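Quick notes on the structure that follows.
Derivation of every value follows stated rules applied to the coordinates shown; laboratory data play no part. Fair warning: this is a prediction, and the values are worked out from it, not measured in the lab. Don't worry about glycine lacking a Cβ; one is built from the backbone with ideal geometry, like all the others, and counts go over all protein chains shown.
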Amino acid sequence: MARFILIDNYSDYIFGDSDDLNGQIFTGTYLEFATALGQSNCDGEYGYEDAPFPSECDDVGYHVYRVIDRIPVVTDVTDRETIDAVKRNCEYLGFVRRVTD
């Protein structure tokens, strides 16, 4: 079972850790996790798709990281040290863009 962390393209904050989605461990794919995270944040009408790295800063979506080393569940999504540790110690899988249609 893979663990994913999603970092928002706009804010560069961690928006989700699949080890803590509403107090539960999420066990699906990273696209399913992005959609489930969106549903938990009340924007569930959207889905997500794999996309090339955003060429424009207005792409709405997440940078996806797969946790390789054991790191604690993320609780402070704005902590720069935690965000940098994710970027440094996790495998970058790519960008998922929000789809509105």
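Values for this structure:
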item	result
Amide H contacts of Tyr13 (H built 1.01 Å from N, under 5 Å, at least 5 apart or other chain)	Asp8
Residue among Pro72, Phe33, Leu6 farthest towards the positive dipole end of the chain, charges placed on Cβ	Pro72
By average C-beta atoms within 10 angstrom, highest first, the peptides 74-83, 87-96	87-96, 74-83
Over the chain: helical MRE at 222 nm, DSSP H runs n ≥ 4 each giving -39500 (n - 2.57), nearest 500	-6000 deg cm²/dmol
Amide H within-cut-off set for Gly94, under 5 Å, with H built and near neighbours excluded	Val64
Size of the chain as Cα extents on the principal axes (Å, biggest first)	37, 29, 22
Electrostatic dipole magnitude of the chain [Cβ: Lys, Arg +1; Asp, Glu -1; Cα centre; debye, to 20]	340
Per-residue ³J(HN,Hα) for segment 70-80, Karplus 6.51 cos²θ - 1.76 cosθ + 1.60, θ = phi - 60°, Hz, x for Gly and Pro	6, 10, x, 4, 6, 10, 10, 6, 9, 5, 4
